[in-house]
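Here is the structure we will look at, set down as structure tokens.
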Amino acid sequence: MDITPPLTSQRAAILDYLRRELTAGRAPSLADVAERFGFASRNAAHKHVQALLAEGLLEQAAGRKRGLRLPGGSPDLLPLAVLGRVAAGLPIGADIGLDVAPEDRLWLDRRLFSPSPDYLLKVQGDSMIDDGILDGDLVGVHRTADARDGQTVIARIDGEVTIKRLRRDRRSIQLLPRNPAHAIIKVEAGQDFAIEGVYCGLVRQG
């Protein structure tokens, strides 16, 4: 699904500050915003506030100098880190678990996902295209070691990570591609295998 580009970290921080102040009954001025974020003038603060107004994340009452307010339908933004890549094809080496600075996080509408994700991975490959998961997509991952038969999961096999649909019964575990050009991955006895999380939605940029 196509979405509006995510907020920059600085603009998201300004939105967070304004939300907290407005929720507490305070209406910051442009001078307040400039001072809070170290801007040399109110013009920089004005630019950020106008961008947030244009995106519908804030509203302003007409004719009021301090007329900023929270819109009723404003999305609940969730900061998510892109922690690496996940294969939609053969498994690829994992770099899940890297420390990510706050400025490297994407602020996304929580309503895009169910359940709520803990992080994002970038898809590499085309083995899940029949489920609408394409090369280059950012997939949300809800971190859990438990998954039901039929769920789309992020699985680790011998230190490598892949996204596939899970098929499991008492005798076997298989990871199913959603593209007939790719083979089923069968988890053999003795392999290092773990569920890293379950797929909970995606973001398609560009």
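The values are calculated or read from the model by the stated rules, or taken from the named source; none is laboratory data. Keep in mind that what you see is a predicted model, and the values were worked out from it rather than measured. Cβ coordinates were reconstructed from backbone atoms using ideal geometry, including for glycine residues, and neighbour counts include every protein chain displayed.
Structural remarks
- Every residue from the stretch 180-205 that is in a loop (DSSP other than H, G, I, E, B) and either touching a residue at least 60 places away in the same chain (Cβ under 8 Å) or outside the structural domain of residue 86 (by TED's automatic domain parsing) (or both): 182, 205
- Matching residues in the stretch 155-180 - criterion: being out of contact with any helix residue (DSSP H, G or I) (no Cβ under 9 Å at 6 or more places or on another chain) and closer than 16 Å to residue 135 by Cβ: 161, 162, 163, 164
- Restricting the stretch 129-149 to residues that are buried (at least 21 other Cβ atoms within 10 Å of the Cβ) and more than 17 Å from residue 196 (Cα to Cα) leaves a set whose member that is modelled with the lowest pLDDT is 137.
- Of residues in the stretch 155-170 being part of a strand (DSSP E or B) and of a type outside the set (Val, Ile, Thr), the one farthest from the chain's Cα centre (by Cα): 168
- Among (1) in contact with a strand residue (DSSP E or B) (Cβ under 9 Å, 6 or more places away or on another chain); (2) surrounded by 15 or more Cβ atoms within 10 Å (Cβ to Cβ) - the single one residue 126 does not satisfy: (1)
- Selection from the stretch 139-154 of residues that are assigned to a strand (DSSP E or B) and among the small types (Gly, Ala, Ser): 140
- Subset of the stretch 150-206 [modelled with pLDDT under 90, among the basic types (Lys, Arg) and farther than 20 Å from residue 84 by Cβ]: 170, 171
- Test: residue in the stretch 96-108 that is on the phi < 0 side of the Ramachandran plot, modelled with pLDDT of 90 or more, touching a Gly at 6+ places or on another chain (Cβ under 9 Å) and not in a strand (DSSP E or B): no
- In the stretch 168-179, the residues that are surrounded by 15 or more Cβ atoms within 10 Å (Cβ to Cβ) and more than 12 Å from residue 193 (Cβ to Cβ): 176, 177, 178, 179
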